[in-house]
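Asks: Here you go, one structure.
The values are calculated or read from the model by the stated rules, or taken from the named source; none is laboratory data. Model, not experiment: these values are computed from the prediction. Heads up, the Cβs are rebuilt from the backbone with ideal geometry, glycines too, and the neighbour counts pull from every protein chain shown. Accessible surface areas use protein heavy atoms only, side chains included; no ligands, DNA or RNA. Shrake-Rupley method; radii C 1.70, N 1.55, O 1.52, S 1.80 Å.
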Amino acid sequence: MKKILLAGLAATTIALSTGAQAATFTYLDYGFGKIDPDNSNPSNDDYSSLSGAFELGNGPFIAAESTEYGDLDVTAIGAGIYAPVGRASNLFGTLQLVKADYGNNDETGYRFTAGLRSSLADRLEFEGKFKYDDVFRETDSSFALALRYYMTKNFSIGANYDVAQFAQQDQNAIFASLRLAL
């Protein structure tokens, strides 16, 4: 399945134009990699994520994601807003309803995210964000960093580092991502 997805994304890359710019908040993003959880002998250290956003106009957007941190499954859906800062950056924030499934323990809560996306060069984008989660009867904070290279105007590959904490368990993830801007 991963080979089919990668082949399809590669074909999309070739078909799209070569003038690359980052900026849209309408996208699909697939990430895959590994986690380094608190427990030293994880039974599952795979990381995968499918996320997306859809702009509703100049500023507001809808955001959703489904992420698997080993044995922890997290689904989030909500809304956000972004505002330009300078000519190459956007500040953004989202508020999402979160459902987390960790073995036999299911919890629902919310997440607030604040971040910055900035074009460092014509084809290079940096994203940093802070996340505040109120799930598992506790509050947790985490951060994520991403560096994306736009191969075309609509397709990028990225290197990501995500430090997530759920139920006092760190789920540090290093992963690659493929993003298709729509």
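Asks: As an exercise: evaluate residue 141 against (1) modelled with pLDDT of 90 or more; (2) of a type in the set (Gly, Ala, Ser); (3) within 19 Å of the chain's Cα centre (by Cα) and give the number of the one condition it does not meet.
Replies: Checking residue 141 against (1) modelled with pLDDT of 90 or more; (2) of a type in the set (Gly, Ala, Ser); (3) within 19 Å of the chain's Cα centre (by Cα), the one that fails is (1).
Asks: Suppose we filter the stretch 74-100 for residues that are more than 14 Å from residue 58 (Cα to Cα), surrounded by fewer than 19 Cβ atoms within 10 Å (Cβ to Cβ) and aliphatic (A, V, I, L, M); how many remain?
Replies: Summing the residues that are more than 14 Å from residue 58 (Cα to Cα), surrounded by fewer than 19 Cβ atoms within 10 Å (Cβ to Cβ) and aliphatic (A, V, I, L, M) in the stretch 74-100 gives 4.
Asks: Only residues that are over 16 Å from residue 113 (Cβ atoms) and open to solvent by 70 Å² or more (accessible area, probe 1.4 Å): list them for the stretch 55-68, please.
Replies: Residues satisfying the conditions are 56, 58.
Asks: What residue, of 176, 164, is in contact with a Phe, Trp or Tyr (Cβ under 8 Å, 6 or more places away or on another chain), open to solvent by less than 10 Å² (accessible area, probe 1.4 Å), assigned to a strand (DSSP E or B) and among the aliphatic types (A, V, I, L, M)?
Replies: Numbers: 176 fails: open to solvent by less than 10 Å² (accessible area, probe 1.4 Å).
When all the criteria are applied, what remains is 164.
Asks: May I pose another question? From 104, 58, 44, which residue is modelled with pLDDT under 95 and in contact with a Gly (Cβ under 8 Å, 6 or more places away or on another chain)?
Replies: Values: 104 fails: in contact with a Gly (Cβ under 8 Å, 6 or more places away or on another chain); 58 fails: in contact with a Gly (Cβ under 8 Å, 6 or more places away or on another chain).
Every option except 44 fails the conditions.
Asks: I want to confirm something. Restricting to the stretch 101-133 and keeping residues that are over 18 Å from the mean Cα position of the chain (by Cα), of a type outside the set (A, V, I, L, M) and open to solvent by less than 60 Å² (accessible area, probe 1.4 Å), which single residue is nearest to residue 67 (Cα to Cα)?
Replies: Per the criteria, the residue is 101.
Asks: For the structure I just gave you, tell me whether residue 154 is loosely packed, with under 15 Cβ neighbours inside 10 Å, in contact (Cβ under 8 Å) with a residue 60 or more places away in the chain and more than 16 Å from the chain's Cα centre (by Cα).
Replies: It is false that residue 154 is loosely packed, with under 15 Cβ neighbours inside 10 Å, in contact (Cβ under 8 Å) with a residue 60 or more places away in the chain and more than 16 Å from the chain's Cα centre (by Cα).
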